[in-house]
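What follows is a short report on a single structure.
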Amino acid sequence: MTSQRAARSPSATNDESAELLSWATRHAPPLAAALPTVLTQARLIVATNLAAALQREGLGENVSLSTAHDVGFARAVLLQARWRGKPLIDPGPLLAEHRALREAPDYHADVSNAVAHLGLTLARHSSLSGTAHVGLSDYLAAGPSVANLLADQANLLGHNIHPLGRLRRGCSPSDALAYAAECQPSAPVMLRVVAVRNDWVLRSRTAGNSARLDELLLAEFPALATELAQLRAPQGYALIPVHPWQYDNVLRHSFTEELSSGTIAVLAIRLPATPTTSMRTLVTVPGATGRRWAIKTALNMRLTSTRRDISAATIANGPRVSSTLAAIVATDPWLRSRVSIVREVAGSCWHPTPPETDPARARGLAALLREDLGRYVQPRQLAIRCSSLMSGPPSSPHQLLASVIGRLAQCRGCTTRAAAGTFLTQYADYFATSALVLLSRYGVGLEGHLQNTVLVLGGDGAPARVLLSDFGGIRLHLPRLAAAGYSLHLHPGSITAHRQIDNVRTKAYYACLQANLAQLVLGLAAECQLPPEESWQLIWHQLEQAFDYLAHTPLSAKNAASDRAALLTPTTAQRAFVTPALTPAGFPAGGEPYIEVPNPLYDTARVRNKLHSHDEQ
């Protein structure tokens, strides 16, 4: 213990933790009482995840990991990390002694921030443990209209692969308690609304005669019209909802001239809303017609790897892309029976001429309206974001997944392991095969990680459908899309469109396989003793059926053959999270950095092919 304590970097993880404890002592004594214990947990979690990420990214010399199950894609059910032979219970030794980390003070600050915010989340969870929703029956009792929002509060650990899953630079403890879903704010988040002169705004909406963002908000919150009528401008005004953090920290300081001149007017009315797993996306209370809207707002706060502001391209492309995807799903029999598209229906953003050069202004005033998940749920069904299945408390990180599988086993009269296999087979059929059909037939590369994937569950715990949402990170192969009869006019400079299929495949395969399916395989191995090898066999069997389907369709047969070959390589691309944070220029030009990791589907397919060959003999 003495030598381990001496090896810690004194500033590595304690700065923000000490500040948090001091703040809680003054402002939140119940949290202060819990913090010493949960901060120890937080340091252990961050240290273990950081060690795993270093090893995955080829920086793992002197790092060793004890694991229960090898899941593939260079990840496993982790039991313990060691640094230079000693148990790693704190990131301090890594930061002080690792060759790539010791001279990276900005990354030290990131680690300190992630530990503190995870500790705050765990302390808040501990203080509310008597009232928490923890199982499928709790969410069924809550009702389909709010169950997904309650489930988002169960996502305690944050990002499933990023080693600093609760990194929140620019977010104070009071901000987190007020605005973060996992901290279960005690009051609704009150969205501000600003009116911006039309000649300074870029608007978007779905194809046809659909309503604009203003009209959709006015239909639910008619009191906005009274204030809007008092404004005088020949050009008229556009409404843009603003996150209260953004209003306090960005809008009031970066748009002073426009606020003074009346180009931007702040309305007195505020919209009560509930935060989702993504802090910047909130769901309004039911309005005049009973409808809720999910509103994606700009937030100039860095959460994990990215500042969560919104580009003009995202505003312009969102409704167009989601409308096209909805049309594809509606006309494709394979997709229509498995998935639904949660549409982004309208958006508005600050867009002057000439364009802004200040990023805080160029991307800091924008909002996108998305359909509420409740629209896609039938009675006795639930829509739950898949990230909530996989990120519970440290003592049981997959507790909601375990509850779902337990309910399914009870209703089917089978063992937990058998129910886990049934669940995974159905999930892979809905999600994985749909992602493959979208790629091969239409050139659509989904950013299908857990947070963008919503699972509709029946009352028995069985998957009923998958909802696909949030298309800001989607990649489109224009030649395949055109060959399928679809075209898109995208905003100039968009990174969405590509003419090389490899760029689209890399994004889709990483997000859908590693950031989604592999995490589910991990959870089922940890909670249900379903061996990862068996899980990948079940997944590959479903993918094979989709490939067979595509092979018999002239439009996609050639594409499917090349996609199959690309999927079954010995190694595959894994997004790196530590490496880009340590490079002076951050992310390299040309996109996200990837490394190569072993591909479990390669061995799975080889085993199945050998079995088939033996059967034929």
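Read-outs: derived from the displayed coordinates by stated rules, not from any lab. Not measured: the values here are computed from a predicted model.
Name the long-range amide H neighbours of Trp293: under 5 Å, sequence gap of 5 or more, or other chain; modelled H, no Pro or chain starts.
Counting only residues 5 or more places away or on other chains, the set is Thr284.
So what's the back-of-envelope 222 nm ellipticity for the chain, counting only DSSP H runs of four-plus at -39500 (n - 2.57) apiece and dividing by all residues, rounded to 500?
Dividing the helical sum by the residues of the chain leaves -13000 deg cm²/dmol.
Less than 12 Å apart at the alpha-carbon level, and either on another chain or at least 8 residues along: which aspartates and glutamates does that give for Lys507?
Answer for Lys507, where 12 Å is the Cα cut-off: Glu447, Glu592, listed by chain and number.
So who's got an amide H within less than 5 Å of the one on Gly445, skipping anything under 5 residues away but keeping other chains? H placed 1.01 Å off N, in plane.
When sequence neighbours closer than 5 places are left aside, the close amide H contacts are Arg475, Leu476, His477.
Check cross-link reach from Lys86 to the aspartates and glutamates: straight Cα distance under 12 Å, and skip same-chain residues fewer than eight apart.
Within reach: none.
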